[in-house]
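Undergrad: Sharing a structure below in structure tokens format, with a few things to ask.
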Amino acid sequence: MAQDSEKARLDDAARAGWLYFVAGNTQDEIARKLNVSRPTAQRLVSLAISERLITFRLEHPIARCMEMAARLAERFGLVHCEVAPSDPATETVTIGIAELTAAFIEGRLKSDKPVILAIGTGRSLRAAVDQIQPMKCPHHELVSMVGNITPDGSASFFDVLSKLADLTQARHYPIPLPLMTSSAEEKSLLLGLGPVRRVHQLAEKADVTLVGIGHVGVDAPLFLDGFISREEVIESMRLGAVGEICSWCFDAEGRILEKGFNARITSVRHQVPPPGLKVGVAAGRVKVPAIRAAMAGRIINGLITNEETAELLLGS
């Protein structure tokens with residue numbers, strides 16, 4: 001008798017679940033159709049879920065992206081991961097990840113609690129900032145991870161900090177130095193200056209850090225934009241470099257190199273693992289080895305990328 005009662009209860013739960021999730025009925029309509037009270041209808045719908053009488057499959061491209069993000073987070077121990085749909089009709093890899101990154105930044109800066117946001121540079125981050133709508137965030141602080149002066153003394157075209165500060169009215173702290181010095185001795189002298197030291201210290205205690213991830217090669221932006229010479233690129237490759245974050249080169253295991261031009265970089269040095277949330281923003285087949293190494297070496301603990309890149313990372 002008890003078995004018959006349980007079967008009848010599950011039958012009612014299955015009907016309630018179908019009416020709610022498939023037929024689109026409200027709980028009041030279900031109560032009327034099953035001749036039960038509204039609280040009973042609500043309990044039957046909950047029972048249908050808990051007993052797995054009804055399951056869901058989201059038939060939308062974003063569902064695959066969410067699944068890949070979850071798999072990447074699990075495989076690489078990420079705290080945060082988002083995957084944007086890829087557009088096979090365009091070669092612009094920033095489409096999709098720029099919008100996701102902009103939404104991520106806006107979400108953090110909408111907080112009433114003061115936030116320190118450290119930020120790197122590069123094309124993907126600049127494209128993301130271009131998507132951000134003006135907002136007033138004077139209680140937040142923005143701090144740069146990299147020097148904002150190019151080798152010829154001009155401001156970097158892909159400087160992100162100033163643009164973001166203009167849009168948000170947040171206090172901001174640039175590193176008024178060239179990305180790379182002429183010698184290790186000059187680097188030590190410049191990093192010892194009080195204002196520079198304080199900016200580095202502020203970046204090191206950031207609540208959230210956003211950085212671009214670059215590959216190392218003769219077609220890398222770091223070389224094409226004139227920050228390093230061809231000889232320096234070749235030297236880094238011989239040392240085993242596969243990628244760079246804020247111009248700090250690292251090998252395939254995610255180990256930051258102690259030789260090469262790393263000895264002359266004025267960017268904030270990476271803490272491994274990061275004490276807070278540190279999200280890498282990058283996409284593209286050429287960057288897959290660098291992204292994988294950055295995650296494996298715990299240089300970053302978050303990732304925003306696109307569908308094609310995620311597929312390559314998961315397939316490797």
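Undergrad: Cα axis of helix 97-109 to longest principal axis of the chain: angle in degrees, 0 to 90, nearest 10?
TA: The answer is roughly 90 degrees.
Undergrad: Give the order of Leu210, Leu222 when sorted by the count of other beta carbons within 10 angstrom, beginning with the fewest.
TA: If I rank by nearby Cβ atoms, fewest first, I get Leu222, Leu210.
Undergrad: Under 13 Å from the Cα of Lys163, which aspartates and glutamates turn up, not counting those fewer than eight places away in the same chain?
TA: Asp130
Undergrad: Provide the net charge surrounding Glu204, with neighbours chosen by a C-beta distance below 15 Å and charges set as Lys +1, Arg +1, Asp -1, Glu -1.
TA: +3
Undergrad: At R0 = 30 Å, how high is the FRET efficiency between Ile234 and Lys110 if r is their beta carbon distance? Nearest 0.05 is fine. Provide the component values of the computation, followed by the final result.
TA: Working: r = 45 Å, r/R0 = 1.51.
Computed FRET efficiency for Ile234 and Lys110: 0.10.
Undergrad: Taking Lys187 as the anchor, which lysines have their alpha carbon closer than 17 Å to its alpha carbon, excluding any fewer than eight residues away along the same chain?
TA: Lys259
Undergrad: May I ask for the angle, rounded to the nearest 10°, between helix 2-17 and the longest principal axis of the chain, with both axes built from Cα atoms and the value confined to 0 to 90°?
TA: The angle comes out near 60 degrees.
Undergrad: Lys and Arg at +1, Asp and Glu at -1: add these up for the other residues within a Cβ distance under 15 Å of Leu78 and post the number. Could the numbers behind the result be given before it?
TA: Working: positive: Arg71, Arg75, Lys278, Arg292, Arg298; negative: Glu67, Glu74, Glu82.
Its environment carries a net charge of +2.
Undergrad: Let me ask you something else. Please order Met237, Met68 by the number of other Cβ within 10 Å, starting at the fewest.
TA: Values: Met237 16, Met68 20.
In order of increasing Cβ crowding within 10 Å: Met237, Met68.
Undergrad: Moving on to the next point. Can you tell me how the range 2-50 classifies by the Cα gyration tensor, rounded, prolate or oblate, using a/c under 1.5 as the rounded cut? Let's see the in-between values first.
TA: Numbers: a/c = 2.02, a/b = 1.54, b/c = 1.31.
Prolate is the answer for the range 2-50, as a/c is 1.5 or above and a/b outweighs b/c.
Undergrad: Also: Kindly identify the range 239-316 as rounded, prolate or oblate by the Cα gyration tensor criterion: order the square roots of the eigenvalues as a ≥ b ≥ c, call it rounded if a/c is under 1.5, otherwise compare a/b with b/c, prolate if a/b is larger, else oblate. Don't skip to the end; give the middle numbers.
TA: Working: a/c = 2.07, a/b = 1.49, b/c = 1.39.
Prolate shape, in that a/c is at least 1.5 and a/b is the bigger ratio.
Undergrad: Another question about this same structure. Using a 10 Å cut-off around each Cβ, can you sort Cys246, Cys81 from fewest to most neighbouring Cβ atoms?
TA: Values: Cys246 27, Cys81 23.
Lowest count first: Cys81, Cys246.
Undergrad: Pairing the Cα long axis of helix 61-76 with the longest principal axis of the chain, what angle in degrees results, from 0 to 90 and rounded to the nearest 10?
TA: The angle comes out near 60 degrees.
Undergrad: Take every DSSP beta bridge whose two residues both sit in the range 180-309, then give the antiparallel share in percent to the nearest 5.
TA: Working: 8 of 16 bridges.
Roughly 50 percent of the beta bridges in the range 180-309 run antiparallel, per DSSP.
Undergrad: Students often forget the sequence filter, so: which lysines lie under 27 Å Cα-Cα from Lys7 once same-chain residues fewer than 8 apart are removed?
TA: Lys33
Undergrad: Starting from the Kirkwood Rh over alpha-carbon pairs, what translational D in µm² s⁻¹ does the chain have by Stokes-Einstein at 20 °C and 1.002 mPa s? Please list the in-between numbers first.
TA: On the way: Rh = 22.0 Å.
Result for D is 98 µm²/s.
Read-outs: derived from the displayed coordinates by stated rules, not from any lab. Only a predicted model underlies this, so the values are computations on that prediction, with no experimental measurement involved. Please note: Cβ atoms are built from the backbone with ideal geometry, for glycine as well, and neighbour counts cover all protein chains shown.
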